[in-house]
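Step one of this worksheet: look at the structure below.
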Amino acid sequence: SALQELGIKQEEFPSLTLIHANNGVRTQIATNLVQQWKEVLGITVHAEGFDFRDLFTKIATGDYQLGMTMWRTWVDDPLYTLNTFRNVNEAINFSNWENKKYQRLLDQYFQQGSAEHKKKLLIAAEMILIKEAPIIPIYYETDLCTYNGHIDGVLVSKIGNVDFKHVSIKKNPLR
């Protein structure tokens, strides 16, 4: 078990603090996580909420034990996400993780090569990221939206971007 690897007994495991955004949904998620970690793992975690600016500062400066923040890619390109963890000095590499082999794979990506070879390099880099786990997703958020039946042409990308460029409004047949 993890405790055996650390060489400690369950009762010796230190209490931890989880910092999170101080809003309704995130506060409730943090409360649920604290409860589940106690029930399932037997560890004590305290949740502490902050406004976004203070939370971001704490996470960006490494002033936390467990940090809960929502992150999503802005660009539908795996390289965009993988580059986040390329160097410790990347602005949003909150884990301050880096790995030389990972960096070499990303460097090779930018050298000449076929699309298939580049894809293999990104997969190999992703495998290192998954194995070393500098960040651990603990929950996923979804976007919910409703559409009026009289609006046509709204496009929503797989990363959640909404494009209204080709929108048209149909006449309501009930009016």
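A few points about this structure:
- Compactness ratio for region 6-81: Cα radius of gyration over 2.2 N^0.38 Å (N = residue count) comes to 1.31.
- In the chain, the longest principal axis of the Cα atoms and the axis of helix 100-109 are about 20 degrees apart.
- Options (i) 1.08; (ii) 0.95; (iii) 1.16 - which one matches Rg/Rh (Cα atoms, Kirkwood Rh) as calculated here: (i)
- Relative to the longest principal axis of the Cα atoms of the chain, the long axis of helix 115-132 makes an angle of roughly 40 degrees.
- Reducing region 81-115 and region 143-159 to their Cα centroids gives an inter-centroid distance of 34 Å.
- Virtual spin-label span in nm between Val40 and Arg104, 7 Å along Cα→Cβ: 3.7 nm
- Per-residue 3J(HN,Hα) values for region 33-43, derived from phi via the Karplus relation 6.51 cos²θ - 1.76 cosθ + 1.60 with θ = phi - 60°, read 4, 4, 5, 5, 5, 5, 5, 8, 9, x, 10 Hz in sequence order (x marks Gly and Pro).
- Using a Förster distance of 22 Å, the FRET efficiency for Gln10-Ile136 (Cβ separation, nearest 0.05): 0.60
- Between Ser168 and Leu3, the modelled label-to-label distance comes to 6.6 nm, taking each label 7 Å out from Cα in the direction of the beta carbon.
- Contact order relative to length of region 46-156, as percent, for alpha carbon pairs under 8 angstrom and 6 or more apart: 17 percent
Here, each number is a calculation from the coordinates, and none is a lab measurement. What you see is a predicted model, and the numbers here were worked out from it, not measured in a lab. No Cβ is skipped: glycine too gets one built from the backbone with ideal geometry, and neighbour counts run over all protein chains shown.
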